[in-house]
Each structure stands twice: as structure tokens, then as C-alpha cells.
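Read the structure below first, then the notes.
Read-outs: derived from the displayed coordinates by stated rules, not from any lab. Keep in mind that this is a model prediction, so the values were computed, not measured. Here the Cβ is made from the backbone with ideal geometry for all residues, glycine too, and neighbour counts use every protein chain on show.
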Amino acid sequence: MIKTVEWTNEGVRMIDQRLLPTEEKYLTLRSYEEVAEAIKKMVVRGAPAIGVSAAFGLALGAKQSVGTSVADLEDDFGYMCEVMSKTRPTAVNLFWAIERMRAAFNREKARTQNTEEIKANLVTEALNIFQEDIESNRSIGHFGAPLIPEGATVLTHCNAGALATAGDYGTALGVVRAARDAGKRVAVIADETRPFLQGLRLTAWELAKDEIPVTVITDGMAGHVMKGGKVDCVVVGADRIAANGDTANKIGTYMVAVLAKENNVPFYVAAPITTLDLSLSSGDQIPIEERDTREVTHIGSHQLGPDGVAVQNPAFDVTPNEFIAAIITDRGVARAPYVASLKALAGAKKVGV
Ligand code: MRU
């Protein structure tokens, strides 16, 4: 099983995703600042993995706080939440995890004045968030597997696998793994996903490790392979889903969705309910992260583009709901009209599988 991020007595341990696939190196982060920096620099990435890491970072920060009164600890904790919330803007799981840790703090504060007890229970809450993420990926797989035909080739964009979550199954790749575990033959086409190359470096790495057949293409080849009848469905992850089903995911996803519709290929989004942001009525309101343009002009330290030209690097785009055949969540499958179906799932009970 791939261990993306975990809690240890020494700190938060995570695989350095910037180095994959050529180096499998684990880092132990020993302060909340180091965890925040790791999220910013994409040592860890993927919406659910960012949320779990932030929760561990806050538990670690609280544990190390020297505040002796609840009021001091609360000041420290509030500041840490601020720092954590400034790491990356698009994936709502980050903010969801911070709010859940804050709620745990408030619950504890109302119950006890013992700071050591509060700290211990914040660690427990972060571990719960971690465990629930693994379980929710299994549920996504359970609901998504029936949508994958026997012998299917699934196209995916970016990495929405074990590396993008607490570990184990993943969301989009969780659907693929669940189909495989249900006895279906399934293969994957992975878009390389310029500029950060999550598809080439991460999706290909984890699928190959799992012995699931994978073929990498450059992003510009997606239309060609769909038109050639080589793709049975598309399954991608999500960073934030608005109330109407509009979905922010890795830059290039929108292009894939349009091509899928044009070629009558069903386009599915797979995400836990924690990726849903019902406070936003449409995808236009989702903040899109702009990253360093060096990610576009350079590969590592090697410069590819000319000096001085204008370059853009939006890290995500929004796929309008009309391109999405279904949204596979850990509570069931939502279909259009999404305002009603997503609201119903958000209010539904968690399903254990
Ligand atoms: O910039 P990243 O690598 O954090 O972007 C990740 C994605 O866009 C994933 O598809 C998304 O977070 C879903 S992960 C289960």
C-alpha cells in the first residue's frame, strides 16, 4: 500500500512527490510550519491529501505549543490555522479540514481546561480525518466500479490516486482499482498533465506499482485517442465542486471534458463529499491558483522557453456541469440536475462499505 502521509511520534511523514518516480524519499516534517511549506511546495498535493496533511500539521503545531493556558493555546492554534489556510487556494478539502480541526478545538475547550487533553484530542481528530479519507475512497470505488465496463480503457487527467489522498485507493483511481478488484479487466490512459506532470510522474508510477496497465499520452493527444475509439470513459478527481456541479480540477480537465462530449465518451468526476462546496452557486466563484511561471518555462533547472516572454500558469480550470455525466461520491452517484442531487447526497448519511 502506498503511504502518502502519516502521523508518527517524530512528526508528519510524507513521500516527497516532487521526486517521484525516480526517487522514493520520505520526509519527516517536525513543525506545522514545515507541513505548511510542504503543501505550498507540492511535496504533498491532491485535494484530500492536502486536507489530511493540514489536519496533521495543526495537531503537530498544537502539540508543540508552549502555551500553558487554554487561551494561549487558542491564540497559537488560531494563528496556525491562518498560516495553513494560506498554502493553496483551490482545493476546498484544505479549508474543510482546518474548520473541522477548529470545531474539535472548540468542542474540547468547552469540555476541559486541561491543555494536554485538548492537544491529545486534536491528534485523535486528525487521525480520524486520515482514516475517514481512506474509507471514503473505498466508498467512491464501491459506487463508481459499476460504471466501468468490462475490458474498459479509462482516460484520466492529473493524479487522483493514492498519492492524492491519505493513501491506499484514491478517488478517480479508486474507481479503477475497485473495478479491477471486482474482477473486471481495466486499463488506463494517463494524460501527462503539463506543467507539473502529475499524470506522467505519479499516476503512471502508482498504477505500474499496482500492475494496472497504463499508457501515458501528452495532453494534446487526448482528442485523437478518443476520436479513434480507444477510450470507454473518462474519470477524473476534483479540487472543488460548486453546488451546481461545476468542477474545478487540474488545468486541462475542461479540455478533456469538452473532447469527451464531442466524442460521446462519458466523463465522470470522482470525489469525496468533502470536496463539495455548497456555499458557491457556480464554478465561476472558485478561486483558481496561479503558480510560478517557471513550472511552464523550465523542467527542473533546465530552461526551455525564451527569456522575457509572457507566460501564464493557472493550476486549475473549471468544467461546467453540462459536460459531466455523473459525479461519483462516497455517498452515492449524483447526476444532473446537480443542484438537487448533490444537495441530497450532502444531507445523506455516510455509507460504510
Ligand atoms: O495541483 P495538484 O497536484 O494538487 O492538483 C491535484 C488535482 O487536480 C487532483 O485531480 C485533485 O486534487 C483530485 S485528487 C483526489
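To the nearest 0.05, how large is the calculated FRET efficiency for residue 120 and residue 350 if R₀ is 25 Å and r is the Cβ-Cβ distance? Don't jump to the answer; show the numbers that get you there.
On the way: r = 25 Å, r/R0 = 1.00.
The value I calculate is 0.50.
Kindly state, to the nearest 0.05, the FRET efficiency for residue 230 paired with residue 10, given R0 = 56 Å and r defined as their beta-carbon distance.
Working: r = 47 Å, r/R0 = 0.83.
It comes out at approximately 0.75.
Which entries of 184/227; 3/119; 40/261; 40/343; 184/250; 41/86 show an alpha-carbon separation above 22 angstrom in the structure shown?
Numbers: 184/227 24 Å; 3/119 25 Å; 40/261 34 Å; 40/343 31 Å; 184/250 28 Å; 41/86 12 Å.
Over 22 Å Cα-Cα: 184/227; 3/119; 40/261; 40/343; 184/250.
For the chain, modelled as a Gaussian network with Cα springs under 10 Å, which listed residue fluctuates most, 126, 242, 208?
Highest fluctuation among the options: 208.
Pull up the DSSP beta bridges for the chain and report the antiparallel fraction as a percent, rounded to 5. All intermediate terms of the calculation are to be shown ahead of the outcome.
On the way: 21 of 40 bridges.
Among the beta bridges of the chain, antiparallel pairing accounts for roughly 50 percent.
Would you look at the GNM of the chain, springs on alpha carbons closer than 10 Å, and say which of 52, 265, 236 moves the most?
With Cα springs under 10 Å in the chain, the top fluctuation among 52, 265, 236 is at 265.
Between residue 69 and residue 215, how many nm apart are label points set 7 Å from Cα along the C-beta direction?
Here the modelled spin labels are 6.7 nm apart.
Would you mind giving the average projected area, over all directions, of the Cα convex hull of the chain in nm² with one decimal? Could the numbers behind the result be given before it?
Values: hull surface 71.5 nm².
With every direction weighted equally, the projected area is 17.9 nm².
How long is the gain from residue 99 to residue 131 if the chain were fully straight, where each residue apart is worth 0.36 nm and the alpha carbon distance is subtracted? Present the calculation step by step, with values, prior to reporting the outcome.
Working: separation 32, 0.36 × 32 = 11.52 nm, distance 1.73 nm.
The residue 99-residue 131 span can extend by a further 9.8 nm.
Kindly identify the stretch 5-137 as rounded, prolate or oblate by the Cα gyration tensor criterion: order the square roots of the eigenvalues as a ≥ b ≥ c, call it rounded if a/c is under 1.5, otherwise compare a/b with b/c, prolate if a/b is larger, else oblate. Before the final figure, lay out the partial values.
On the way: a/c = 1.86, a/b = 1.71, b/c = 1.08.
It is prolate, given that a/c is not under 1.5 and a/b is the larger ratio.
Relative to the longest principal axis of the C-alpha atoms of the chain, give the angle of the C-alpha long axis of helix 115-144, reported between 0 and 90° and rounded to the nearest 10°.
Approximately 20 degrees, to the nearest 10.
Give the cross-link partners of residue 349 among the lysines, using a straight C-alpha distance below 16 Å as the criterion and excluding same-chain residues fewer than 8 apart.
Hits, sequence-local ones excluded: zero.
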